[in-house]
Amino acid sequence: MTTLTADVASHPTVDKNPTPVPAYGVSHAAGPLAPLSITRREPRPTDVEIEILYCGVCHSDLHTARDEWRNAIYPCVPGHEIVGRVTRVGGDVAGFAAGDLAAVGCMVDSCRGCEQCGAGLEQYCPKVVLTYNSPDPHLGGHTYGGYARSIVVDEAFVLRVPPGMDLAATAPLLCAGITTWSPLRHWKVGPGQKVGVVGLGGLGHMGIKFARAFGAHVVLFTTSPRKTQDALALGAHEVVVSSDGDAMRRHHGTFHLILDTVSAPHDINAYLAQLKVDATLVTVGAPYEPLPTAVFSLILGRRRFAGSAIGGIAETQEMLDFCGEHGIASDVEVIPMQRINEAWERMLRQDVRYRFVIDMASLKA
Ligand code: NAP
Ligand code: ZN
Ligand code: ZN
């Protein structure tokens, strides 16, 4: 077991007595996930300490830990789909008490003073502190994510879990959920619109559920014919296997919005061609390599190619509350921590139905 020592001496808000916490992480880009020990800060007055019960497994965890985005900091403890129970709160915390359920997504802090923070778009704050792989303003070093026993987060970045929700199935809402909710809301998806979702994985299956709940006609584009029945059961009205040229041509020029969730390089022009005039293809999928765009895919039809990152804190709470009211959650396969390496390999083989979630009770001290 590796013990990490944060650079506490050099930092002004130094915590001289951090708590050691068991976790899983990688020590280099080619390494497997393995047990290690990290530290969490002693709760400050506005902090909430959470025992992590479940953590979803996002493809971004893998992109980051394997340094596919060329920005990894090691050791890397991924995980940003966190649901747990509050164990301690600081003296100024008003909204949470020990014993409450709580959730944390992809961010744990931001500057709170910039234009984006003021607009509830903390995810676009230039000083956003991501749940993992960001400089840690409290302990020094960098932040560690949810593949761990516990986490300490400022109350302003802690979400409430609506009553009655299945906790394992709620965890993926904290990234896969909000990342698909936010663009569908931004582009005002609703009845009378035809919406495409590209890729049926963690994000894609939530995209289908939300687009359907908002009243759109939903079409899944997939490379995996075997997922057709699942997609229909999740709420898609139609499924197009992207290698079927005739099926692709039948839909040309008919979509109001397409949400691309693909994690690997692929031909974006094939999807731009599906858009109506003035319609938008928004990518949330984040392959590192460029996606070459033929300008005529945009010019002919005044089409737009856009992107979107997760969602703000208030918007995330709105999404969770909507899910609580409408009985929406992820379809999950719950795994023990010890099977995480196998789960990552299955995710790469597109063999995930439709989100792995780690049962953190399996993480021994
Ligand atoms: P995932 O569960 O692995 O799903 C990705 C899906 O993409 C696969 O199931 C597959 O669907 C399709 N796909 C994979 N490889 C492909 C290829 N070579 N060609 C065509 N399609 C392929 O991943 P995820 O967790 O949903 O994440 C998806 C992407 O979104 C990742 O890049 C992740 O980093 C990114 N992400 C972005 C944000 C954001 O804020 N923008 C937030 C979270 C995640 P089919 O089998 O149906 O083809
Ligand atoms: Zn994620
Ligand atoms: Zn800010």
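Please treat every number below as a calculation from the coordinates, not as lab data. As the structure is a computational prediction, the values presented were derived from the model and not from experiment. Cβ placement follows ideal geometry from the backbone for every residue including glycine, while neighbour counts extend to all protein chains displayed.
Given the conditions (1) touching a strand residue (DSSP E or B) at 6+ places or on another chain (Cβ under 6 Å); (2) farther than 18 Å from V86 by Cβ; (3) of a type outside the set (D, E, K, R), which single one is not true for G141?
(1)
Check off (1) surrounded by fewer than 20 Cβ atoms within 10 Å (Cβ to Cβ); (2) in contact with a Phe, Trp or Tyr (Cβ under 8 Å, 6 or more places away or on another chain); (3) among the β-branched types (V, I, T) for V89 and give me the number that stays unchecked.
All conditions pass for V89, except number (1).
Name the one entry in L291, L300 that is within 13 Å of ligand 1 (Cβ to nearest atom) and either buried (at least 22 other Cβ atoms within 10 Å of the Cβ) or over 20 Å from the mean Cα position of the chain (by Cα) (or both).
The unique qualifying residue is L291.
Out of all the residues in the stretch 108-119, is one or more more than 16 Å from ligand 3 (Cβ to nearest atom), closer than 20 Å to P45 by Cβ and surrounded by fewer than 23 Cβ atoms within 10 Å (Cβ to Cβ)?
No, there is no match, as no residue in the stretch 108-119 is more than 16 Å from ligand 3 (Cβ to nearest atom), closer than 20 Å to P45 by Cβ and surrounded by fewer than 23 Cβ atoms within 10 Å (Cβ to Cβ).
Out of (1) within 25 Å of V108 (Cβ to Cβ); (2) charged (D, E, K, R); (3) crowded, with 24+ Cβ neighbours inside 10 Å, the odd one out for D166 is which?
Unmet for D166, out of (1) within 25 Å of V108 (Cβ to Cβ); (2) charged (D, E, K, R); (3) crowded, with 24+ Cβ neighbours inside 10 Å: (3).
Restricting to the stretch 209-225, give me the number of residues that are surrounded by fewer than 24 Cβ atoms within 10 Å (Cβ to Cβ) and among the charged types (D, E, K, R).
Qualifying residue count for the region: 1.
Among the helices (runs of 4 or more DSSP H) confined wholly to the stretch 115-203, which include 3 or more residues that are more than 13 Å from ligand 1 (Cβ to nearest atom) and under 14 Å from A314 (Cα atoms)?
Because the criterion is at least 3 residues that are more than 13 Å from ligand 1 (Cβ to nearest atom) and under 14 Å from A314 (Cα atoms), the helices (runs of 4 or more DSSP H) in the stretch 115-203 that meet it are 115-118.
Which pairs do you get when a residue that is over 22 Å from A329 (Cα atoms), found in the stretch 340-356, comes within reach of a residue that is part of a helix (DSSP H, G or I) and within 16 Å of ligand 2 (Cβ to nearest atom), reach meaning Cβ atoms under 8 angstrom, with the pair 6+ apart or on two chains?
L348/L62
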